[in-house]
Every structure is written in structure tokens, then in C-alpha cells.
1. Out of (1) surrounded by fewer than 20 Cβ atoms within 10 Å (Cβ to Cβ); (2) in a helix (DSSP H, G or I); (3) not charged (D, E, K, R), the odd one out for residue 159 is which?
2. Keeping to the stretch 175-209, report how many residues are farther than 22 Å from residue 156 by Cβ, among the hydrophobic types (A, V, I, L, M, F, W, C) and under 21 Å from the mean Cα position of the chain (by Cα).
3. In the stretch 170-194, how many residues are surrounded by fewer than 20 Cβ atoms within 10 Å (Cβ to Cβ) and either in a loop (DSSP other than H, G, I, E, B) or out of contact with any Asp or Glu (no Cβ under 6 Å at 6 or more places or on another chain) (or both)?
4. What number of residues within the stretch 66-91 are in contact with a strand residue (DSSP E or B) (Cβ under 9 Å, 6 or more places away or on another chain) and either under 27 Å from residue 135 (Cα atoms) or without any contact (Cβ under 8 Å) to a residue 24 or more places away in the chain (or both)?
5. If we scan the stretch 162-169, do we find a residue that is at pLDDT 90 or above, charged (D, E, K, R) and over 22 Å from residue 75 (Cα atoms)?
6. Name the single residue, out of those in the stretch 14-71 being at pLDDT 90 or above and among the charged types (D, E, K, R), that is most open to solvent (accessible area, probe 1.4 Å).
Amino acid sequence: MSLVAIGALFLAGCTGGTSESSAPTTSTAEPSGETAEEILARAADITSVKYDMVASAPGQLTMTAKMWVKGQNSRMELTQEGQTMVAIVNMDKQVAYIYFPAQNMATKMSIQGGAPTVMSQSLVALSGFLAAASPSVVGTEKWDGKDCLIIETTDGGQTIKVWVWKKYGCPVRLEVPSPGGTMMMEYKNIDFGNIPDSMFELPAGVQIQQQ
């Protein structure tokens, strides 16, 4: 999935409050002795991570989703109009679920081949996508307290700007141009602690519909 498509997916039907960002301090110097690809490659060592994704665009309300990723398994929680939806991808068992806790109901889908769209939105997957896109370095910046490399790449004819956390090689901010203004995605409250496998399972007693 392209970065433009990822941004459009998150910003569709946004709800919630306004996101807050740290004031940046920018330098145009490139890091000595390291390429963007080498920094992005560090994300391949991430085996377990959870974080908040905050998406915003001019004229729209901000959307926040919570994400857990462990290996090839993922969980995303999103609340819109007072209803929480949970998307679970369990590649170990080759199944995916769309779960609505308030209704105690879920739809189960068999996974054949590649992982569903939700996995392409993980920090590790985005780092791999960016590394393969031959990005150019445009500067460095401390963002949200993290030392970041700012890179740009072209996707679908548009220039995408990404702030990459140097220490771990993963994105913390992404800007996508659109006709109405700049769409923005931020990754916050990043935690690399071990995630229990139960996060990628449904609770007992959920009514399951097979798709």
C-alpha cells in the first residue's frame, strides 16, 4: 500500500479532538556516515511495539487509533461516534477479526497469502516501504523529544515528507500533500515493551460470524 493511500485511509471519517505537536528545531545537516536506508533498517529489529496514531487534515477533526504490533500480528482500536471497533490480524493462525466490543460480536476472515491492509500501517512496515523508495535526506529535527532524520520520497507523483526516529529507524511523523492542504500522521506514546499474545485473540464468549 502506498503512503498516500495510507494517509487517505486514516483520514476518512476523522473524529476526535485536536492533536498537539512539539515545536520543532530544524537543521539541514545530514547525519555523518549514515544513509537514510541504514537508519530505516533499524526498524527491522523491532519485534514488539504499541503506539497511538494521530491523523489530521485541514477542515477535518482529528482521528486517534491505538496500535499493537508483535511479529506479524497486529491489533488496531478505533473509536468513532462513541463506538469502538477493533481490527485484529493474527498471522500465526491465519485469521483476522473485525470486533465490536459493545455488541460482543465479531466477523472472522481467513487470511490467505499476504497480511491485510492494517499490517501495512505498522511502523516496521512503513520503514521498509520508505527504505525501498530511495528517499532523499532534507534535514534533521528534534520532534516530540526524539532526534529525527527528515526524508522525502515521491509516491504517486506526490512528495511525501517523513520524520524518522534515528534511534529506532521508525517514522514518528508523516506529511502527505492533498488538494485541501497537508494531511498529517503522527505516531505517539511509542512503547517497545513485550505485548502479550492475548492482545491478538478475541475475548471468550464473543459471537463470531464467518465471512
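1. Among (1) surrounded by fewer than 20 Cβ atoms within 10 Å (Cβ to Cβ); (2) in a helix (DSSP H, G or I); (3) not charged (D, E, K, R), residue 159 violates only (2).
2. Going through the stretch 175-209, the residues farther than 22 Å from residue 156 by Cβ turn out to be 188-209.
When the remaining residues are screened for being among the hydrophobic types (A, V, I, L, M, F, W, C), the result is 190, 192, 195, 199-200, 202, 204, 206, 208.
Still in the list and also under 21 Å from the mean Cα position of the chain (by Cα): 190, 192, 195, 199-200.
Residues flagged as farther than 22 Å from residue 156 by Cβ, among the hydrophobic types (A, V, I, L, M, F, W, C) and under 21 Å from the mean Cα position of the chain (by Cα) within the stretch 175-209 amount to 5.
3. Number of matching residues: 11.
4. Going through the stretch 66-91 one residue at a time, the tally reaches 14.
5. yes
6. 45
The values are calculated or read from the model by the stated rules, or taken from the named source; none is laboratory data. Being a predicted model, the structure only gives us computed values, none of them experimental. Note that we place each Cβ from the backbone using ideal geometry, even for glycine, and neighbour counts take in every protein chain shown. Quick note on the areas: whole protein, heavy atoms, side chains included, nothing else; ligands and nucleic acids left out. Shrake-Rupley method; radii C 1.70, N 1.55, O 1.52, S 1.80 Å.
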